[in-house]
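Enquirer: One structure coming up, written as structure tokens, with questions to follow.
The values are calculated or read from the model by the stated rules, or taken from the named source; none is laboratory data. Keep in mind the model is a prediction, meaning the values are calculated, not measured. As a convention, Cβ positions derive from the backbone with ideal geometry for all residues, glycine included, and neighbour counts pool all protein chains shown. Heads up: the accessible areas ignore ligands, DNA and RNA and are worked out on the full protein's heavy atoms, side chains in. Shrake-Rupley method; radii C 1.70, N 1.55, O 1.52, S 1.80 Å.
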Amino acid sequence: MSKARDNKFPDRDAIISFIRAHPGEIGTREIAREFGLKNADRAELKRVLRALADEGVIEKRGKTIHQAAALPATVVADVTSRDRDGELLATPTEWDEEQGDAPKIRIRLPRYPKPGTAVGVGDRALLRIEQIEGEGEAAAYVGRVIKIIDHMRSRVLGIFRALPSGGGRLVPVDKKQAGRELNIAKPDSAGAEDGDLVSVELVRSRGYGLPSGKVKERLGSLATEKAVSLIAIHAHDIPQAFSTGAVKEAEAAKAPTLHGREDWRDIPLVTIDPPDAKDHDDAVHAEPDDDPNNKGGYILHVAIADVAFYVRPGSSLDRDALLRGNSVYFPDRVVPMLPERISNDLCSLKPGEPRGALAVRMVIGPDGRKRSHTFHRVLMRSAAKLNYAQVQAAIDGNPDDATGPLLKPILQPLYDAYALVKRARDERDPLDLDLPERKIVLKPDGTVDRVITPERLDAHKLIEEFMILANVAAAEMLEKKALPLIYRVHDEPTVEKVHNLVEFLKTLDMSFAKAGALRPTVFNRVLAQVKGQDSEPLVNEVVLRSQAQAEYSAENYGHFGLNLRRYAHFTSPIRRYADLVVHRALIRALGLGEGALPDTETFETLSEVAAQISATERRAMKAERETVDRLIAHHLADRIGDIFQGRISGVTRAGLFVKLSDTGADGLIPIRTLGTEYFNYDEARHALVGSRSGAMHRLGDVVEVRLVEAAPVAGALRFELLSEGQVPPRNRKRGHFGDARKSKHKTKAKADAGRHRPKKVRKPGKVKPGKSKKAKR
């Protein structure tokens, strides 16, 4: 494939185009060969590649070079450093590490910055970014500051552990800082007591001993509150207290009357939620359609709490809700987006009480497809508050006192309508991953009692499909009225991720039959091939990792996972700000009264809102996940030395991550503990492979591990692997031991610290052809 350039060094765009054409397949050597570069030209090539990486145009992963992934037009970013010219560089606050290193954004500062936009290293800001385009649409990014979200912090969050001699130690809550304690002198402890969650400012210390810190703020006591979630709340700056103005507005709010609303109080709408739900913001009802032109069809009503009536644009409630972006759900508490007076009272669709709602009436054909829809601002009255298991039991022939009278007139029509909708859903064929979710059940003292995997019932699927239909109807209505809105979007997998998936499937002798445009059906065929097989969890996990992350955007590019062209969140305005924006837009589009989206809201302003609430959503997910990790680590802390069964849930150059079968806890097996040989990181196979034996530890493998360390404050576990690696047959098509010998990422592992091996010392640069240097542990 070489294209000698007659000793002319290639320009940047030519190099970028070549990299883009061979994602994940090439390194410096292949680029040099492509352009016929030798000797001094190779040194210049390395300099150019370093510059492109610094600018965020490309990224190196091991020995291979990739084009940096694309970013949305508006993004929340952290200012991390300055380049050689002194210009500020930032990276996205939330970034999928599976895509490699986060791309860099060069911040463009105006000569006279507006108040509140003067940014520095360590700050977090909302940026409007654009690409610097070159040949092949390769790009670096420049960003303009829209607003500062948070200023630089040089503080560490941790648990204060008192010492008998006075003062104490700070145990950091960040996993990355696990084991790096700080010394707190008695005069610097600010009266902190053992078990307090504190914010500590780093202070200068001597060159020996522990680094020192000074307590700046006491945030709460884990000893008294039994609230591990408190750590995540403060670590991620999740607002807890509402502003005085928001509290006053909530207390002054009054329920709506029938004025300006349709009367739906006689429609027997019911709420179906988890048994422990506190807010009930959606209600459903179905009945056969008596229209002779829709024989066998149904009329479906979905009513959603009218949050926009209480939370007006620009109000204190609105500002607080946007700051939160969404409610955050921890095992022991909920941090709501709105005060409880709104979320648990006025906007909770309680049985027998009149409540304002924004509702959609949908006509479902006998084929299960939605034929038409209309939106209404109504006054409704819920006929019953039910839970999923209760409803499913009634349909399965075991009704209780509450569901018995409702079975024929209300519940059975809902399931009949769902049977139609499911038929259309199956024809649409959305992505169908089988990844069971676990739920932690707590004891009264806030510690873990057990971890369960709730059964997924038809009752869950019924509500899910009805909500999806309502969300689609909202997006379609607003597009028809040509109003700006915030979409829920999910991009299709990148070419590189699909390529990696294809290479992985080849190692299982499976094909990825793609004909025409990429659709979820292609992935579902793969999942169907492994249904019920040992490799099913592995393939489900790898397919999940190949997908993009869903987000909010003012620009519509569809929802790949659901296989829908247009989709918006409409059904949960109590807990998601995006839904509140959609409600306001519908009120404005249809002239439904107060609380409409202001005329000042444009595509540009909603793009900024979408970026902000996408970031708060990811913040909530991370906080929830970390809290679960801490609770389970605390639960297992007294079981050091016990043996557990689990599955390998992640493979990296640092080692193996294992998810325990009984609790779902994740922990690390450091690569240095794996064996007496070098282990190669095989990216295509998602495995670590022994260079001598070919023994392979692969993503999804069932393994036995021993728990050797638990750090409850950080939520970290460390395991020792007891299972042997699998050795593939020697007659594999892909080589002597599969792809083990072709791996470009090598990491050294020793059995234990007591064994040593003679090391061969090579002079710099004296590496045999075709061999790569061993990576440091």
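Enquirer: Local charge sum around Val522 (other residues, Cβ-Cβ under 11 Å, Lys/Arg +1, Asp/Glu -1)?
Expert: Once positives and negatives cancel, what remains is +1.
Enquirer: Packing-wise, with mean Cβ within 10 Å as the measure, how do 593-599, 358-364 rank, highest first?
Expert: Working: 593-599: 15.7, 358-364: 23.1.
Ranked from most to least packed, the peptides come out as 358-364, 593-599.
Enquirer: A further question on this structure: Based on Cβ point charges of +1 for Lys and Arg and -1 for Asp and Glu, what charge dipole magnitude is obtained for the stretch 295-364 about its Cα centre, in debye rounded to the nearest 20?
Expert: 260 debye
Enquirer: Could you go through the stretch 364-374 in sequence order and give the Karplus-derived ³J(HN,Hα) for each residue, using 6.51 cos²θ - 1.76 cosθ + 1.60 with θ = phi - 60°, rounded to whole Hz, and x for Gly and Pro?
Expert: Taking θ as phi minus 60°, the curve returns 9, x, x, 8, x, 8, 6, 8, 7, 7, 9 Hz for the stretch 364-374.
Enquirer: At 0.36 nm per residue, and after removing the present C-alpha to C-alpha distance, how many nm does the segment from Leu442 to His259 gain when stretched out fully?
Expert: 61.4 nm is the gain from fully extending Leu442 to His259.
Enquirer: Highest mean first, what order results for 383-395, 609-621 on Cβ atoms within 10 Å?
Expert: 609-621, 383-395
Enquirer: Using 0.36 nm per residue, how much length does the chain from Val334 to Glu709 gain when fully extended, once their Cα-Cα distance is taken away?
Expert: So the chain would gain 132.0 nm between Val334 and Glu709.
Enquirer: Residue by residue, what Karplus-based ³J(HN,Hα) values in Hz, rounded to whole numbers, does the stretch 586-600 have, using 6.51, -1.76 and 1.60 with θ = phi - 60° and x for Gly and Pro?
Expert: 5, 4, 5, 5, 9, x, 9, x, 6, x, 6, 5, x, 5, 6
Enquirer: Could you please state how large a percent of the accessible area of the chain is carbon and sulfur, counting protein chains only and using a 1.4 Å probe?
Expert: C and S atoms contribute 48 percent here.
Enquirer: Taking 7 Å along the Cα-to-C-beta vector as the label spot, tell me the Ala637-Lys8 distance in nanometres, rounded to one decimal.
Expert: Result for the modelled spin labels: 6.8 nm.
Enquirer: If you count, for each residue, the other Cβ atoms within 10 Å and average over each peptide, how do 572-581, 522-531 line up from highest to lowest?
Expert: In decreasing order of mean packing, 572-581, 522-531 become 572-581, 522-531.
Enquirer: I'd like to check one number: the per residue accessible area of the chain, probe 1.4 Å, reported in Å² as a whole number.
Expert: In whole numbers, the chain has 49 Å² accessible per residue.
Enquirer: How far apart, in nm, are two points set 7 Å out from the Cα along the Cα-to-Cβ line at Arg525 and at Arg169?
Expert: Roughly 5.8 nm, to one decimal.
Enquirer: Quick check: residue separation of Ala40 and Lys216 times 0.36 nm, minus the Cα distance between them. What number comes out in nm?
Expert: Gain on stretching Ala40 to Lys216: 57.9 nm.
Enquirer: Mean residue ellipticity at 222 nm from the helices of the chain, using -39,500 (n - 2.57) per DSSP H segment of n ≥ 4 over the full residue count, to the nearest 500 deg cm²/dmol?
Expert: The per-residue figure over the chain is -7500 deg cm²/dmol.
Enquirer: Please work out the Cα center distance from the stretch 473-522 to the stretch 387-438, rounded to the nearest Å.
Expert: Their Cα centres are 28 Å away from one another.
Enquirer: I would also like to ask the following. Under a point spin-label approximation (7 Å from Cα along Cα-to-Cβ), what is the Glu87-Gln240 distance to one decimal in nm?
Expert: 4.3 nm
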